[in-house]
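Working notes, structure below.
The values are calculated or read from the model by the stated rules, or taken from the named source; none is laboratory data. Because the structure is predicted, anything quoted here is derived from the model rather than measured. Heads up, the Cβs are rebuilt from the backbone with ideal geometry, glycines too, and the neighbour counts pull from every protein chain shown.
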Amino acid sequence: MARLVLLSGPSCVGKGPLVSALGRHHPELAARMTPLILHNSRAPRPGEVDGVDYHFAPSAEVERLVSSPGFVGGDVRGDLQALELAMIDQVLETGRDAFFEGNPFIPEMLRDAGVLDRYPTLTVFLSPLTRDEIIYLQDPARRVDLGSFVTDVMRRKLLRRTTRQKTHLSQVDLEDIERRASNAIVELREAHKHDHVLPNHDGEDSENWDAFYYPVGDAFAVLASFAALLAGESSDRVEKWEADLLK
């Protein structure tokens with residue numbers, strides 16, 4: 001049965017490399033999914049293609065779509081994004097899974113609009129920390145501010161990714177990195193609403209995804225677990241988070 005498959009998580013957590021690796025190493029699973037292409041007000045990143053990664057458009061145009069019937073969307077880390085709901089039905093009618101990969105805010109908007117109740121769904125959240133790591137860090141004896149800790153983890157990943165893409169970073173790049181990094185703790189609080197949480201330390205800054213063609217480390221384990229979930233199987237690596245995990 002065709003499903004709505006949602007893969008979300010903080011910026012730079014590894015969603016893009018995971019999807020690319022799925023296409024290389026599990027083409028039969030990737031071939032069953034058709035990506036949902038959102039409208040986005042930001043400029044394309046290096047390597048992104050209009051109409052493939054997003055429909056890139058001016059802010060005013062995306063804002064008009066957000067307020068139009070048949071669309072869900074809003075501000076996502078400083079960018080406006082909009083998804084046309086009719087696309088979901090169009091994909092599912094072909095017998096293929098409708099696939100969203102991106103930030104957790106769009107799934108939350110779909111949930112609030114009651115869209116997730118209309119279809120069979122599989123929701124997966126990619127996290128930069130495991131449940132046990134979060135519990136360990138939140139022990140009062142360690143005096144760790146989890147929000148600051150997560151921000152620092154994601155800031156380092158984002159800096160490495162952006163430096164690899166652009167070499168020299170502008171003030172705008174640094175401000176964008178800081179906005180995305182500081183948003184990560186907010187996005188982690190959406191994880192418990194997903195069917196499955198996949199911890200992953202190999203973010204988009206890690207060479208473990210493709211430096212050796214075959215993924216290694218966490219990249220290997222996460223790919224195997226995601227493929228298992230898509231195939232309707234279980235994985236020991238998959239976690240389910242309680243609503244009050246992040247205090």
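Criterion applied to 105, 56 was being touching a strand residue (DSSP E or B) at 6+ places or on another chain (Cβ under 7 Å) and without any contact (Cβ under 8 Å) to a residue 24 or more places away in the chain, and the one residue passing it is 56. Tallying residues that are in contact (Cβ under 8 Å) with a residue 60 or more places away in the chain and under 17 Å from residue 98 (Cα atoms) within region 27-53 yields 7.
Residues of region 226-246 that are small (Gly, Ala, Ser) and over 17 Å from residue 16 (Cβ atoms): 228, 231, 232, 234, 235, 243.
Per-residue answers, yes or no, for (1) farther than 25 Å from residue 53 by Cβ; (2) in contact (Cβ under 8 Å) with a residue 24 or more places away in the chain:
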{"position": "120", "(1), (2)": "yes, yes"}
{"position": "126", "(1), (2)": "no, yes"}
{"position": "129", "(1), (2)": "yes, yes"}
{"position": "137", "(1), (2)": "yes, no"}
{"position": "154", "(1), (2)": "no, yes"}
{"position": "177", "(1), (2)": "no, no"}
{"position": "180", "(1), (2)": "no, yes"}
{"position": "199", "(1), (2)": "yes, yes"}
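Taking (1) closer than 23 Å to residue 5 by Cβ; (2) of a type in the set (Lys, Arg); (3) surrounded by 19 or more Cβ atoms within 10 Å (Cβ to Cβ) in turn, residue 161 satisfies each apart from (1).
The single condition among (1) closer than 23 Å to residue 21 by Cα; (2) among the β-branched types (Val, Ile, Thr); (3) part of a helix (DSSP H, G or I) that residue 185 does not satisfy is (1).
One residue stands out in region 77-97 among those that are more than 18 Å from residue 51 (Cβ to Cβ) and of a type in the set (Gly, Ala, Ser): the one that is modelled with the highest pLDDT, namely 95.
Examine region 41-51 for a residue that is at pLDDT 95 or above and out of contact with any strand residue (DSSP E or B) (no Cβ under 8 Å at 6 or more places or on another chain), and state whether such a residue exists. Taking every residue of region 41-51 in turn, none turns out to be at pLDDT 95 or above and out of contact with any strand residue (DSSP E or B) (no Cβ under 8 Å at 6 or more places or on another chain).
Which of the residues belonging to region 199-220 are closer than 27 Å to residue 240 by Cβ, out of contact with any helix residue (DSSP H, G or I) (no Cβ under 6 Å at 6 or more places or on another chain) and part of a loop (DSSP other than H, G, I, E, B)? Selection gives 206 alone.
Within region 226-244, residues that are on the phi < 0 side of the Ramachandran plot and assigned to a loop (DSSP other than H, G, I, E, B) have Cβ atoms under 7 Å from residues that are among the hydroxyl-bearing types (Ser, Thr, Tyr) and buried (at least 19 other Cβ atoms within 10 Å of the Cβ) in these pairs: 235/225; 237/225; 238/225, counting only partners at least 6 apart in sequence or on another chain. Scanning region 123-150 for residues that are hydrophobic (A, V, I, L, M, F, W, C), outside any loop (DSSP other than H, G, I, E, B) and under 30 Å from residue 33 (Cα atoms) turns up 124, 125, 126.
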